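Notes follow the structure.
The values are calculated or read from the model by the stated rules, or taken from the named source; none is laboratory data. This one's a predicted model, so the numbers in the text were calculated from it and none came from an experiment. Because the Cβ atoms are built from the backbone with ideal geometry, glycine has one as well, and the counts that use them run over all protein chains shown. These area figures cover heavy atoms from the full protein model, side chains too; ligands, DNA and RNA do not enter into them. Shrake-Rupley method; radii C 1.70, N 1.55, O 1.52, S 1.80 Å.
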Amino acid sequence: MSEVSAMSLESMPQEAYVNSYAVQDSAGTANVQEPAPRSLTALENTQNQAYESFFTAQNAANAAKERTNAASNALQLAEMQYMNGEISQEEWEAAWQELSDAKAAEEKANENYEAAAAEAQTAAEAVEAKKEELRENRENDTTYVVHCARIECPFGMRESYLALGPTHGVLTHQIPQMTVKDIKLDQNIINFGGCHSRENPGVQAEIDKTNEIIEGKKDWRDKVVGYFTKQWKKSVAVFKTGISIGKKLLGIKDKPKTKEEIEAEKQQEMWSDFVGECNAGFPADGEWLEGHEKVFINGEPVLLRKCSIMCNYGGCVTILLSGQPE
């Protein structure tokens, strides 16, 4: 039996939330309650529905366009056949009517498509706004973090989750409670699918490989010019640093960026597109920072949503959702 110091987790004060999980009534029957309207889960459900409606409307618009094209081709053929006396006037007029109906249907389908696109955009913006709100509030959020909490890394390809295999024997709202020592990759911290950090050897290897290809396409004149340009830039760098400090002291604004500076920024953006394996590393004796100061499980502070941990490759892993019902 795990030892919990200070007081029971169930009795600790928690931030207010609306129940959005399965609870049992007096007869023991599970009743699933809907997520709170403004919770991230609810907003993401709305977003998924909006995306589904968007793709349905997109398919309908494409089908309507194909119908219009087919009706237009059929009318051209009908006109030739009518002139040659191969079809009746009624058949020719029917072809005209089909084209008219097809155009009306296409117009309506396009209106629905535009409306669905706007709704999907609004839903996506609402989700992102909620995430920003959660990120801004995280610093002071002392909600307990449990199994399946959602996490983020600035260099990760996607969001991920915390997991707890063998539990510590303590539950919060019937979900295994985590501690600051739960830092094992792919056992506690599920990887982020890929890594963009240049400190990751895999990412740097991809950058070096690309640079070799680029350098291989240059002739000897480019390489000579590049060498002396590089040396010159090193010499000028110190001088520019001094000027920059002087400008700040005098309140002088910087001039518009040069072509070389713009190209350098573009290269930095290009490097951010390189992806390596997410193989986050944490010190063997490491732990999440800012765990609970008064509540412990087997001597380990319980994990809070305000906690964070630094990966060896420079990424700061933070907790977006605690894993508790929103």
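General remarks:
- Residues that are modelled with pLDDT of 65 or more and under 25 Å from the mean Cα position of the chain (by Cα), drawn from segment 249-286: Asp273, Phe274, Val275, Gly276, Glu277, Cys278, Asn279, Ala280, Gly281, Phe282
- Residue within segment 112-129 that is open to solvent by 50 Å² or more (accessible area, probe 1.4 Å), closer than 30 Å to Trp288 by Cβ and either assigned to a helix (DSSP H, G or I) or modelled with pLDDT under 95 (or both) present: yes
- Within segment 267-326, if we keep just the residues that are in a loop (DSSP other than H, G, I, E, B) and of a type in the set (A, V, I, L, M), the residue that is surrounded by the most Cβ atoms within 10 Å (Cβ to Cβ) turns out to be Leu303.
- Members of segment 86-103 that are out of contact with any Lys or Arg (no Cβ under 8 Å at 6 or more places or on another chain) and either aromatic (Phe, Trp, Tyr) or open to solvent by less than 60 Å² (accessible area, probe 1.4 Å) (or both): Ile87, Ser88, Trp92, Ala94, Ala95, Trp96, Leu99
- The C-beta contact set for segment 42-69 (first residue of a type in the set (Val, Ile, Thr), second residue at pLDDT 95 or above and open to solvent by less than 30 Å² (accessible area, probe 1.4 Å), distance under 6 angstrom, 6+ apart or interchain) comprises Thr46/Ala123; Thr68/Ala102.
- Close pairs from segment 123-135: first more than 17 Å from Thr318 (Cβ to Cβ), partner in a helix (DSSP H, G or I) and among the charged types (D, E, K, R), Cβ under 8 Å, at least 6 apart: Val127/Glu44
- When residues of segment 179-189 are limited to those that are buried (at least 17 other Cβ atoms within 10 Å of the Cβ) and not charged (D, E, K, R), the one nearest to Asn298 (Cα to Cα): Thr179
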